[in-house]
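The structure under discussion appears below in the form of C-alpha cells.
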Amino acid sequence: MERFGDETDILIIGGGPAGLSAAIRAKQLAEKDGKELRVCVVEKASQVGGHILSGAVIQPTALDELIPDWAEKDAPLKTPVKEDKFGILTATGRIPVPIFPGTPMYNHGNYIVRLGHVVQWLGEQAESLGVEIYPGYAASEVLYHPDGSIKGVATNDVGIAKDGSPKDTFERGMELHAKCTIFAEGCHGHLSKQIINRFNLRASSEPQTYGIGLKEIWEVDPAKHSPGRVEHTMGWPLDKFTYGGSFLYHLNEETPLIAVGFVVALDYSNPYLSPFKEFQRFKHHPSVKHYFEGGTRIAYGARALNEGGFQSIPQLTFPGGCLVGCSAGFLNVPKIKGTHYAMKSGMLAAESVYETIGAEKQQTEGFEPKSYTDKVKNSFIWKDLKRIRNVRPSFHNPLGMYGGIAYSGFSIMVGGLEPWTLKHGAPDHTRLKPAKDSTPIEYPKPDGKISFDLLSSVALTGTNHEGDQPPHLTLKDDTVPVKNNLGVYDGPEGRFCPAGVYEFVPLESGDGQRLQINAQNCIHCKTCDIKDPSQNINWVVPEGGGGPAYNGM
C-alpha cells in the first residue's frame, strides 16, 4: 500500500520546548513579513506534553525573548525560586556548601515548573499562530531525496499484530515532505541517531556521554512544604567514582507537591549498580527522609539526559535539516538545565530555516540552514557551554568526586578560561567492568512508604503499550545477552533499566537462561540503547508513539 503524502514548508519532529519554540518563532517571522508559511509539528505522545519528564527549574531567558508577555498570557511559571540549598552527603550527615550569585547552582530569578504544563502552554501559543500540531503520530523513518538530502519523514504504520500481520484497524503511515526538517526529538532521539551516523556529524566532536534521571512527584505534609525551595546534593549513596546527585523542588500548586529526583551518570563502571535502587536508597537519608514521611508518591518516571556539553556538540546542520535542543546535546550539567537552551536553539534554527527557504539558491533539494551554526556560536548557548566545558570531565580523576569538586570550583572561579579542554573519554557503553572484577551492591529492601519496588513504580508512569503489537525493543543477535552480558557482566540490563523491561529467566529445559524483554513496561528512557555493553538492542518507535503519559510531570 502506498503512503499518503503531504507537503509543508517547515517540518518539526518533536513537540517539546525546542520544537514548539522553533514553530512559534517561524510563524512570528512569517507574520511579521506578511507571508504564508506552513509549519507542522509531529509529536509521538497522544497529547502535547504527554511524554515530558523533567525536574525542571526554568531560566526564563529564552521565553522572555520568544513571548515577552508570557505572564499576561498565563504561562504556568508560578513558583519563583526563593531559596537555594546545596550539600555533599555522607552516609549519615550533610556538609552544606554555600551558593554564591553567578555560580551555576544559583537559581534566583528562575522558576520551578512542571515542564509538561509549560509544554502544553507552548503548544497552545503555537496553535494560536497557525502551527499545525499532530500528536499521536510517531515519526519512524527518515525520507531522502535522490541527492541524499532530507526530504521529510514517514510516520509508522498502525494496526499491526504482534506476528506482523495487519489487523482490522490497520492504517498505513503517511509521508510528510518539507523544504527543511528540524529534529527536536530530545536526548538520544531515534531518528537523530540515524542522521548523526549517516552524515557523520560527530567527525569533529567527542561521543555524547549521558546520565539517567529518575524522578517522583510527592504530595507532602503542608507543614514540610516550602514553595520556591530548591535543594541539590552530591555524594551518598553513590561512591566517589560515580558521578551523580539529587534534586528536590518545592512547587507552588493547589496541593503541597515536591518533585524529587536522582541522576546517575551512565559512565559508571560497576555492573551491579542500579540507578533506581540508588534513588530509593537516597530518600532514606536523614536530611531528606522527613519530607516523605506521611506523604504520598503520586508519579514516577525516568529519562536519559545529555552530559557531554561543549565537547560533544555534533555538526548541527546537514542537507535538508538541523538538530536542536537535546537532540544536539545542549544541556548545562552543573546547572542541571537545558530548557532555555532548547528553546533558544529552536528559535535560532527557525530564523535560519526561514532565511534559507526564502533564498533564491540552494545546493541540494532539501534546504540546509547553514547559518544556524553561526547563530548558535554567537548565542549564550555556546558561551555558557564553553565556560563550563571542563566541569563534568574533571570528575575522571584519581580522587573522584573530591577532585572533581575542587577542580570545578577552580574552573567556575576563572570563568572557564583555562587554555585546555578536558576529554570525556570512551563512550558510556564501554565503561562497565567485568563482574569478576566488581563488587556486588547489597541494596536494602523497599519499605513501601518511602522506598518502593520497580513494578509498583512503573504503574505510576501511565505506561501504555497495546499488547497485540510488534515489540519496539528487539535484539540484533539473540545469542549475545547470555554469552556476553550475562556471562561477562552478570546481566546489567536488569539493573540499569528503570522499568523492569529486561530480565534473565530459566530455560524451560532448566539448562541455562534466556533474556526476556517485557517491552510493555518500557518508559522510553533510552538507557538500554546507551548503556548496553554489547550495543545489541534495537530501539524503534512503538505503534502510535506508545509509552508513558507523565501527566505534566
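The table for this structure:
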| item | result |
| --- | --- |
| Yes/no for LYS35 being more than 23 Å from LEU143 (Cα to Cα) and in contact with a Lys or Arg (Cβ under 8 Å, 6 or more places away or on another chain) | no |
| Number of positions in region 245-259 that are in contact with a Leu (Cβ under 6 Å, 6 or more places away or on another chain) and assigned to a loop (DSSP other than H, G, I, E, B) | 1 |
| Test for GLY494: is it part of a helix (DSSP H, G or I) and within 23 Å of VAL264 (Cβ to Cβ) | yes |
| Every residue from region 80-106 that is under 30 Å from ALA23 (Cα atoms) and modelled with pLDDT of 95 or more | PRO80, VAL81 |
| Lone qualifier among ILE298, ILE336, ILE313 - being in contact (Cβ under 8 Å) with a residue 12 or more places away in the chain and closer than 18 Å to PHE199 by Cβ | ILE313 |
| Residues (touching a residue at least 60 places away in the same chain (Cβ under 8 Å), surrounded by fewer than 18 Cβ atoms within 10 Å (Cβ to Cβ) and either in contact with a Ser or Thr (Cβ under 9 Å, 6 or more places away or on another chain) or of a type in the set (Lys, Arg) (or both)) located in region 406-424 | LYS423 |
| Selected residue (only one of GLY338, GLY358 is at pLDDT below 95, open to solvent by 30 Å² or more (accessible area, probe 1.4 Å) and over 17 Å from ARG202 (Cα atoms)) | GLY358 |
| Failed criterion for ARG303 (all others in (1) within 29 Å of GLY148 (Cβ to Cβ); (2) open to solvent by 10 Å² or more (accessible area, probe 1.4 Å); (3) touching a residue at least 40 places away in the same chain (Cβ under 8 Å) hold) | (1) |
| Some residue of region 524-531 being part of a helix (DSSP H, G or I), open to solvent by 50 Å² or more (accessible area, probe 1.4 Å) and of a type outside the set (S, T, N, Q) | no |
| Residue that is farthest from the chain's Cα centre (by Cα), among those in region 459-480 that are among the small types (Gly, Ala, Ser) and open to solvent by 40 Å² or more (accessible area, probe 1.4 Å) | GLY467 |
| Residue in region 1-12 that is most open to solvent (accessible area, probe 1.4 Å), counting only those that are in a strand (DSSP E or B) and in contact with a Lys or Arg (Cβ under 9 Å, 6 or more places away or on another chain) | GLU7 |
| Region 306-335, residues that are open to solvent by 10 Å² or more (accessible area, probe 1.4 Å) and hydrophobic (A, V, I, L, M, F, W, C) | PHE310, ILE313, CYS326, LEU331, VAL333 |
| Output for region 89-138, where each listed residue is aromatic (Phe, Trp, Tyr) and in contact (Cβ under 8 Å) with a residue 24 or more places away in the chain | TYR111, TRP121, TYR134, TYR137 |
| Filter result (in contact (Cβ under 8 Å) with a residue 12 or more places away in the chain, of a type in the set (A, V, I, L, M, F, W, C) and closer than 21 Å to ILE523 by Cβ) within region 438-460 | PHE452, LEU454, LEU455, VAL458, LEU460 |
| Positions within region 17-49 being open to solvent by 10 Å² or more (accessible area, probe 1.4 Å), in a loop (DSSP other than H, G, I, E, B) and closer than 24 Å to LEU305 by Cβ, in sequence order | LYS44, SER46, GLN47, VAL48 |
| Strands (runs of 3 or more DSSP E) enclosed by region 140-188 - at least 2 residues per element that are of a type outside the set (S, T, N, Q), open to solvent by 30 Å² or more (accessible area, probe 1.4 Å) and out of contact with any helix residue (DSSP H, G or I) (no Cβ under 9 Å at 6 or more places or on another chain) | 166-171 |
| Condition check for ILE52: over 30 Å from HIS250 (Cβ atoms) and either without any contact (Cβ under 8 Å) to a residue 24 or more places away in the chain or surrounded by 24 or more Cβ atoms within 10 Å (Cβ to Cβ) (or both) | no |
| Some residue of region 386-399 being open to solvent by 30 Å² or more (accessible area, probe 1.4 Å) and basic (Lys, Arg) | yes |
| Meets criteria (closer than 30 Å to HIS284 by Cα, out of contact with any helix residue (DSSP H, G or I) (no Cβ under 6 Å at 6 or more places or on another chain) and among the aromatic types (Phe, Trp, Tyr)) for PHE452 | yes |
| Those residues of region 370-379 which are under 11 Å from LEU348 (Cβ atoms) and either among the β-branched types (Val, Ile, Thr) or surrounded by fewer than 22 Cβ atoms within 10 Å (Cβ to Cβ) (or both), in sequence order | SER371, THR373, ASP374, LYS375, VAL376, LYS377, ASN378, SER379 |
| Pick from region 86-131, criterion open to solvent by less than 60 Å² (accessible area, probe 1.4 Å) and among the aromatic types (Phe, Trp, Tyr), ranking: farthest from ILE24 (Cα to Cα) | PHE86 |
| Residue among GLU253, GLU293 that alone is under 20 Å from ALA56 (Cβ atoms), out of contact with any strand residue (DSSP E or B) (no Cβ under 6 Å at 6 or more places or on another chain), among the charged types (D, E, K, R) and open to solvent by 10 Å² or more (accessible area, probe 1.4 Å) | GLU253 |
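The values are calculated or read from the model by the stated rules, or taken from the named source; none is laboratory data. Since the model is a prediction, treat every value here as computed from it, not as a measurement. As a convention, Cβ positions derive from the backbone with ideal geometry for all residues, glycine included, and neighbour counts pool all protein chains shown. Keep in mind that these areas ignore ligands, DNA and RNA; they rest on the heavy atoms of the full protein, side chains included. Shrake-Rupley method; radii C 1.70, N 1.55, O 1.52, S 1.80 Å.
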